[in-house]
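Working notes for the structure below.
Just so it is clear, none of the values below were taken in a lab; they were calculated from the coordinates. Only a predicted model underlies this, so the values are computations on that prediction, with no experimental measurement involved. A quick note on method: Cβ atoms are made from the backbone with ideal geometry, for glycine too, and the neighbour counts reach across all protein chains shown.
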Amino acid sequence: MAWDFSTEPEFQEQLDWVEEFCRTEIEPLDLVFPGAAWSRNPKAKALADPLKQQVKDHGLWALFLDEELGGPGYGQLKLALLNEILGRYGSAPVVFGTSAPDTGNMEMLAAYGTDEQKQRWLRPLMNQEIFSAYSMTEPHGGSDPNLFKTHAVRDGEEWVINGEKWFTSLGNHADILFVMCTNGMFVVPRQTPGVEIMDYPATHNHVRYNDVRVPLDHL
């Protein structure tokens, strides 16, 4: 039995626009100015931001959130058809507001964050005013939470985090780090004293958390 991956004509028109837009706008940007879509450089932003605005004008910005989390609720089939196109162009996920690891971190905030946390971090992440990283894998236990050693201890009105993480992708460029500890997930601003990001590897970062202190509401 064959599977039917067709969609309604209205959404197919959107997909056709995405295909043309990626081919004529994003691909040339990637070839001439690699990394412009996520650069903080004003000259690079001047090239990428108008493309992001076109995506927003077409109602295609940050489509990954389900309806109950505040998104359009397109469902997996429509997202698959869209991502099939975006995946062929390096900067497309950033231009469409759907790039990892921000997407997963935003889903966590949307599902489990407090109203204050959503206001502080979710909205800026969705608007790409800030970027995030996911700090989970550890040197001795990989991605198995049963083997993690990074731990947070409460000290008055703060949590004190100690531990070590590998493969925190783009941690050196992130504004906030989502740090998985043995007793919870914590949001840690990258500039917090005690956050030590090793020089190598350059992008999939090795991070040490040395008596890192964050407020209680960062859990």
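Key figures for this structure:
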| item | result |
| --- | --- |
| Among the listed pairs Lys56/Lys165; Lys52/Lys149; Lys118/Lys149; Lys43/Lys165, those beyond 30 Å (Cα-Cα) | Lys56/Lys165; Lys52/Lys149; Lys43/Lys165 |
| For the range 73-113 versus the range 170-215, the gap between their alpha-carbon centres in whole angstrom | 23 Å |
| C-alpha long axis of helix 42-57 to longest principal axis of the chain, angle in ° | 60 degrees |
| Calculated Cα extents along the principal axes in Å (choose from (1) 51, 39, 34; (2) 57, 42, 36; (3) 49, 45, 41), label | (2) |
| Folded to 0 to 90 degrees: helix 9-21 orientation relative to the chain principal axis, Cα | 80 degrees |
| Helix axis angle, 102-112 relative to the chain longest principal axis, alpha carbon, degrees | 70 degrees |
| Label-point gap, in nm, between Leu77 and Gln53 - each point 7 angstrom along Cα→Cβ | 3.6 nm |
